[in-house]
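Written below as structure tokens is the structure these notes are about.
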Amino acid sequence: MTSFSDNLLGWYDHHQRSLPWRSDDPNPYYVWLSEIMLQQTTVKTVIPYFLKFIETWPTLQDLATSSLDDVLVAWQGLGYYSRARNLHKCSQQLISKHAGQFPKDEKQLLQLPGIGPYTAAAIRSIAYDQPAAAVDGNVIRVLARYCALTEPRPQLDKKVRERLVAFLPDKKCGDFTQAMMELGALVCRPKSPDCEACPLQGHCRSVNDPESLPTASIKKKLPTRYAVAYLVQREDGAILLRKRDEKGMLGGMMEVPTTPWLDQKPGPNVVKSHAPLEVVGWEVLEGYVKHTFSHFHFHIHVNRIQVSDQSDHHQAVWVQRENLHQKALPTVMKKVISFGLEKVK
DNA sequence: TGTCCACGTCT
DNA sequence: AAGACGTGGAC
């Protein structure tokens, strides 16, 4: 009887996608970079970012000697910006503490910033062909269905890891890890799985209703927060931006100055006291920008003003429109800027 | 429209 | 250990 891994690996040989980080002789730098980018992010989204990164920083050494700001600019739009901060920090630690090589040992990998249990196992298996159990959302779905595991999270996670360990082959470990995720992405999809095309058909224990697994977790309603953004345009078209604190949300990214982000629309006193310029004549734009983050909805009203003032502003910089792309702007701030600039008086 | 993908890591 | 932390695309 053919084993689980033989069936899976046989399928993977013929059906794997050609992806920029895949190779018969994997580059650990590529494996790590792609795995960090692929956390919570789809392959299609990641590809252009990955290509830009390896073009700009062909080696780990190149990345380690770059500036965090440059990395954040290249990462802008990908989201979860702590990944970029940790990526940069990790590259430097690898150079300073590990002679520029990824450790092969799980404990040591887990010490590195941005590398948790999933990514450590992915690196060990894909880059170094070790039998390590990389459990991501795809693997949870595939094995919850294959083994008919009905328990809710987080108990399910433990069960899946046990099953996966039992299925691990002793060679082609990297292919096995990638094949599990490839199967989840292409065949054992969240919605309308293609069971006819599955190399594990005949052994799967949830043929009748695969879509019902894994058990959905309870979603909480997202709260809404509010702010007023101040779009300050100089006569030559430059816009006033400031840098966010390195810690916390959108850490180290640039932003249009705003009031604090509150549970209610800020009142006139808050709007007045947080304005970056003590001038009269603010234009209150009609409507507002909507954006949804991982954990709240965000409504941003925009107040606009034109100034002739050439002076510097505390902790803020003037940026010409054509230079905006050189700044690390999160998507929400790109929305605010285009809203503010396109809105006619 | 709103929900889901989306366990991934850090705190 | 539960919440923080982005984004865009599929449906």
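The values are calculated or read from the model by the stated rules, or taken from the named source; none is laboratory data. All of these numbers come straight from a predicted model, not from anything done at the bench. Note that we place each Cβ from the backbone using ideal geometry, even for glycine, and neighbour counts take in every protein chain shown. SASA here: full protein model, heavy atoms, side chains in, ligands and nucleic acids out. Shrake-Rupley method; radii C 1.70, N 1.55, O 1.52, S 1.80 Å.
Entry for the range A:4-212 at q = 0.12, 0.15, 0.17 Å⁻¹: log10 I(q)/I(0) = -0.63, -0.96, -1.18, Debye formula applied to identical alpha-carbon scatterers, no solvent contribution.
Here the range A:177-216 yields Rg over Rh of 0.93, to two decimals, using C-alpha coordinates and the Kirkwood radius.
A Förster radius of 22 Å combined with the Cβ-Cβ distance from A:Glu162 to A:Ser217 puts the calculated FRET efficiency at roughly 0.65.
For the range A:44-88 and the range A:159-182, what is the centre-to-centre distance using only Cα atoms, to the nearest Å? Centre-to-centre (Cα) distance: 28 Å.
The value for the range A:224-342 of Rg(Cα) / (2.2 N^0.38 Å) is 1.00. Measuring gaps between exposed loop sites in chain A (GluC sites (Glu not before Pro); DSSP loop; at most 12 other Cβ atoms within 10 Å), the longest gap, sites not included, is A:1-234.
Between A:Asp105 and A:Phe293, the modelled labels are 3.8 nm apart [label points 7 Å from Cα along Cα→Cβ]. Of all accessible surface on chain A at a 1.4 Å probe, what whole percent is carbon and sulfur? Of the solvent-accessible surface of chain A, carbon and sulfur hold 50 percent.
If you keep only loop residues by DSSP, which trypsin sites (Lys or Arg not before Pro) in the range A:1-52 have at most 14 other Cβ atoms within 10 Å of their Cβ? Counting only loop positions with at most 14 other Cβ atoms within 10 Å, the trypsin sites (Lys or Arg not before Pro) in the range A:1-52 are A:Arg17.
In this structure, the residue pairs whose Cα-Cα separation is over 21 Å, taken from A:Lys243/A:Lys334; A:Lys89/A:Lys243; A:Lys97/A:Lys247; A:Lys247/A:Lys335; A:Lys52/A:Lys327; A:Lys247/A:Lys327, are A:Lys97/A:Lys247; A:Lys247/A:Lys335.
Solvent-accessible area per residue in chain A equals 53 Å², computed with a 1.4 angstrom probe and all protein chains kept. Taking a straight Cα-Cα cut-off under 20 Å and skipping sequence neighbours fewer than 8 places away in the same chain, the aspartates and glutamates within cross-link reach of A:Lys265 are A:Glu255, A:Glu283, A:Glu286.
The simple Förster model, with R0 at 41 Å and r as the Cβ-Cβ distance, assigns A:Asp62 and A:Gln40 a FRET efficiency of 0.95.
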